[in-house]
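Written out below as structure tokens is the structure these notes cover.
The values are calculated or read from the model by the stated rules, or taken from the named source; none is laboratory data. Model, not experiment: these values are computed from the prediction. Virtual Cβ from ideal backbone geometry, glycine too; neighbours counted across all protein chains shown. Surface areas here come from the heavy atoms of the whole protein model, side chains and all, with no ligands, DNA or RNA. Shrake-Rupley method; radii C 1.70, N 1.55, O 1.52, S 1.80 Å.
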Amino acid sequence: MGRATHRVEYEQMLLGRYLHLHKSKGRRADSTLDRSAYILLSRIRMQGPMTIGQLGDAFGLDTSTLNRQTAAAVRGGLIERIPDPDGGMARKFRITAEGERRLDAEREGITRSLDRIMSEWADEDIEAFAGYLKRFNTDIERVEGRPWPRP
């Protein structure tokens, strides 16, 4: 493991493992959303109502996968189909009040877990880590050509 990128790869693999172990059946014990719904709701909240085509471009997923994910989210009351506010032909998906509530609860649960994990870190270290993660993610987005909106 001479190159630093080898160490990053290894730590990234462990991070994925710990995220899986931290959850029960792929979810935190107090989770109300699965991973795909969490990401879908987060994107729609940040960007506003989106069509299947826009979601496909954003996530790099095929229409059938997105149809399954959005159908489950509609059935769960997390999103709803609306006419395009801009007058386009395709219908868009908008987050519902229930989707907002559950997304907030999920995000708060994840933040509480991170607070426990990083309880002995200095605030400056947490800020630096957040900055490096943002840089890492924005570089992935740049390479893939799929930027993610940020607050």
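So here's what we get for this one:
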item: Of the DSSP H helices in the chain, those whose Cα atoms cover at least 20 Å axially and whose Kyte score averages -1.0 or more; result: 4-21, 123-144
item: Computed FRET value (nearest 0.05) for Thr5 with Ala71, which takes r as the C-beta separation and R₀ as 35 Å; result: 0.35
item: For Ile79, residues with placed amide H under 5 Å, excluding near neighbours; result: Val74, Thr96
item: Which of Val74, Val143 is most accessible, then next, and so on - probe 1.4 Å; result: Val143, Val74
item: Prolate/oblate/rounded call for segment 34-81, Cα gyration tensor, a/c under 1.5 rounded; result: rounded
item: Estimated FRET transfer efficiency when R0 is 22 angstrom, pair Asp115-Glu144 (beta carbons, to 0.05); result: 0.15
item: Which labelled figure in (i) 63; (ii) 56; (iii) 52 is percent of Cα pairs over 19 Å apart, once derived from the coordinates; result: (i)
